[in-house]
Structure formats: structure tokens, C-alpha cells
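The values are calculated or read from the model by the stated rules, or taken from the named source; none is laboratory data. Everything numeric in this text was worked out from a predicted model, so none of it was measured. Positions of Cβ are generated from backbone atoms using ideal geometry, with glycine treated the same way; all protein chains shown enter the neighbour counts.
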Amino acid sequence: MCTVCGCGAGESKIEGGAHDHAHDHNHDHGHEHSHVQADGTVVTHRHDHAGEHAHGPEEAPLGVHAHTHRHADGSEHSHAHGHDGEHAHSHPHDEPHHEHGVSADLDYGAGPAGAHVPGLSQARMVQIEQDILSKNNTYAVANRRWFDERGIFALNLVSSPGSGKTTLLVKTIELLKAKVAISVVEGDQQTSNDAERIRATGVAALQINTGKGCHLDGHMVGHALQRLKPADDSLFLIENVGNLVCPAAFDLGEHHKVAILSVTEGEDKPLKYPDMFRAADVLLLNKVDLLPYLEFDADLAEANARRVNPHLTIFRVSATSGDGLSAWLNWIEAGLEAQRGQRGETVAALKQRVAELERQMEQMQAAK
């Protein structure tokens with residue numbers, strides 16, 4: 001998935017880098033022992049514990065240990081046993097049925113973890129997610145501190161593929177680049193197509209390819225900052241991988257998540273993917289120039305989004321016609337001013353503290 005949780009290990013690549021920044025940790029936490037049965041058969045037991053960091057294709061998943069039995073004739077067979085109190089296989093036979101014999105809906109997001117992985121208990125999944133996000137948040141906090149110290153306003157643009165995210169980003173850059181320095185991070189599984197589109201506007205852009213990964217993370221963005229070196233008091237835009245699920249959970253150090261929903265996607269998208277719209281501060285309802293040609297209820301889409309997140313700031317926009325862009329740009333400029341003002345207050349406070357320390361030093365010198 002990413003350099004933090006490891007499921008994209010060896011896959012992610014930052015443009016221009018000599019190597020990716022994923023680190024594999026392979027530790028063998030297993031042990032094995034053998035004993036001879038009465039019939040002379042040698043039986044070997046191997047126990048692989050949940051503390052492992054990497055699993056080969058035939059190793060047991062977390063929360064499961066495997067027994068390999070080696071017989072006197074050299075043949076082997078293995079058994080995997082879960083210790084989470086759950087079976088690794090679901091059994092649909094006892095599911096409730098409708099009167100017409102059709103199975104009821106299956107909801108694998110109903111548990112505390114909000115997801116299902118065969119072989120893992122809900123408690124174990126919650127712990128794994130907490131560990132992953134805690135590590136990511138450490139990187140994100142460092143990124144945000146770096147932005148704040150320099151008066152940089154950072155936005156994380158998230159959406160499903162095809163929402164018009166890159167086109168809207170290009171239009172935003174074209175309208176703002178004369179007023180503010182802009183840097184862009186582009187996230188995609190493969191290609192540098194979007195980074196090339198951004199660079200064609202004249203601003204700096206860096207492509208991050210996530211391989212099999214489905215989102216950017218704080219670690220990746222930290223490395224991008226080192227490469228791009230955005231100017232003080234500038235605008236830093238992150239276009240995340242097109243995905244309405246995974247990017248919702250990962251803080252990159254941005255000041256706001258901006259969700260983009262196009263009018264070609266359906267009014268119920270916020271209800272289907274609530275985590276993303278709940279995590280966002282701003283919703284751009286995009287491609288509104290197409291409304292006359294579609295059966296799309298924009299008011300219903302906004303109402304659904306506010307059911308998930310009543311605090312959303314919503315703009316109806318079109319990168320093609322320019323509808324609503326002035327309000328969107330005004331919001332960005334207000335954010336820039338607030339960020340610069342916060343930086344000024346921080347600098348003033350530091351200067352005041354330094355002056356106070358110097359005064360104390362002078363008093364100490366005089367007392368001697």
C-alpha cells in the first residue's frame with residue numbers, strides 16, 4: 001500500500017530518485033521443533049507468530065500459526081490454525097434469507113475495524129490500523145510543522161478517477177500562478193502524465209508512482225518536500241491517487257483535504273464512501289457545465305454530503321466553463337493569507353522570546 005504499512009514495499013517510486021523509499025523488514029519470529037512418534041515418524045512443528053513483518057506466499061497470515069508435518073518418507077503437509085477466536089472462512093449457510101430465497105446483504109464493514117480480512121480478528125485489525133496510522137501521523141506532523149514554519153498553505157486533493165481533478169488543478173494554477181509561487185505533488189500508480197501536464201503550466205511538479213499502492217502517505221510527501229523545496233509563503237498542492245477509500249485515512253500534513261465529486265458520478269457517492277467526505281473540509285462539485293445534459297440533482301448531492309459532514313464548505317465549479325472558480329480561488333487566497341499571518345505571529349513570538357532571554361542574560365551579567 002505504501003512506505004508506512006508496507007503492502008507496496010518495493011513498488012513506490014519518487015520521480016528522479018535512485019531508489020524507492022520503502023524499507024523491507026524481514027525478521028523470523030518463528031521457531032520449530034521435532035519429535036519422533038512411536039511408529040518412527042518424525043514430526044516437525046513450526047510456529048510463526050503474529051510479530052512477523054513479512055510473509056512469503058506460503059507463510060501463515062498474522063494471527064495464525066502453521067504446523068508443518070514431515071513424515072518418514074519425506075512427504076510434508078501443513079495446517080494453519082488461527083488463534084484469534086475466529087475462523088478464516090465465512091459460512092454463508094446460516095445467513096438470514098428473504099422470503100423469496102435471496103440471501104440478505106453481507107456487511108463486512110459492521111465490526112469495530114470497519115473492514116474484514118480472513119484470518120484476522122476485529123481487535124487485531126484495529127491494532128494494526130492504529131500502529132500504521134500512528135507511524136504515518138508522525139511524518140504528517142513533521143510535514144505540517146515544516147509548512148507552518150514557512151507560511152506555506154498545503155491542500156490535499158482527493159477523488160475517484162475521472163472526476164476532473166487534474167484539469168481543475170491545471171486551471172487553478174493558471175489563474176493563481178501570477179500571484180503566488182506554487183509547487184505540486186502528483187500521485188498515481190504509474191506514469192508521469194499528470195506531472196507533465198502540471199509542468200506545462202510553468203510550475204514545479206514532482207511525480208510519485210505508488211505501484212500497487214492506493215494512496216500517498218506522509219513519508220512520501222516528506223521526501224517530495226526535500227526535492228521540491230517549495231518557497232516560503234507559497235501554495236503546495238497534492239493530487240492524491242484516484243481513490244475514495246484509502247486516502248481518507250492518511251494525513252499527509254496538509255491543512256485541508258479537498259474532495260472533488262463530479263456530476264457524472266451520482267448523487268449518492270458521499271453516502272457510499274462516507275469516510276472520504278467526512279475527512280474532507282471542502283467539497284468541489286465539479287463539471288457543473290454538464291448539468292443540463294444529465295439527470296443529476298446537485299442539491300441532493302450536496303444534501304447527502306452534508307449528512308455525512310455538516311461542516312463541509314461546498315463550491316460548485318467547472319474547469320471548462322469557469323463557473324464557480326472565483327469563489328474557489330478566493331477561498332485559497334484567504335487560506336494563504338491566514339497561513340502567512342500565522343507564520344508572522346510565530347516569528348514575532350520567537351523574536352520576543354529571544355529579546356526576553358537577552359534581557360535576562362544582561363541582568364545576570366550586571367548582578368555579577
**Message:** Any residue at all in the range 270-278 that's in contact (Cβ under 8 Å) with a residue 40 or more places away in the chain and closer than 27 Å to GLU337 by Cβ?
**Reply:** no
**Odd one out for SER192 among (1) of a type in the set (Ser, Thr, Tyr); (2) over 25 Å from ILE132 (Cα atoms); (3) at pLDDT 95 or above** = (3)
**Request:** Would you mention how many residues in the range 229-247 are surrounded by fewer than 24 Cβ atoms within 10 Å (Cβ to Cβ) and out of contact with any Phe, Trp or Tyr (no Cβ under 8 Å at 6 or more places or on another chain)?
**Result:** 8
**Fill in**
Of the candidates VAL126, VAL141, VAL117, the one satisfying the condition of being exposed (fewer than 15 other Cβ atoms within 10 Å of the Cβ) and either among the hydrophobic types (A, V, I, L, M, F, W, C) or at positive phi (or both) is VAL141
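Among the listed residues LYS179, LYS171, LYS212, identify the single one that is on the phi < 0 side of the Ramachandran plot, at pLDDT below 95 and surrounded by fewer than 24 Cβ atoms within 10 Å (Cβ to Cβ).
LYS212
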**Message:** Residues that are touching a Leu at 6+ places or on another chain (Cβ under 6 Å), under 30 Å from LEU300 (Cα atoms) and assigned to a loop (DSSP other than H, G, I, E, B): does the range 226-238 have at least one?
**Reply:** no
**Prompt:** Among the residues of the range 183-205, which ones are touching a residue at least 24 places away in the same chain (Cβ under 8 Å), crowded, with 22+ Cβ neighbours inside 10 Å and closer than 27 Å to GLU337 by Cβ?
**Reply:** SER183, VAL184, VAL185, GLU186, ILE198
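What residue, of LEU312, LEU291, LEU284, LEU300, is over 24 Å from the mean Cα position of the chain (by Cα), within 25 Å of LEU175 (Cα to Cα) and either at pLDDT below 95 or hydrophobic (A, V, I, L, M, F, W, C) (or both)? Spell out the reasoning first.
On the way: LEU312 fails: over 24 Å from the mean Cα position of the chain (by Cα); LEU284 fails: over 24 Å from the mean Cα position of the chain (by Cα); LEU300 fails: within 25 Å of LEU175 (Cα to Cα).
Sole residue among the options that is over 24 Å from the mean Cα position of the chain (by Cα), within 25 Å of LEU175 (Cα to Cα) and either at pLDDT below 95 or hydrophobic (A, V, I, L, M, F, W, C) (or both): LEU291.
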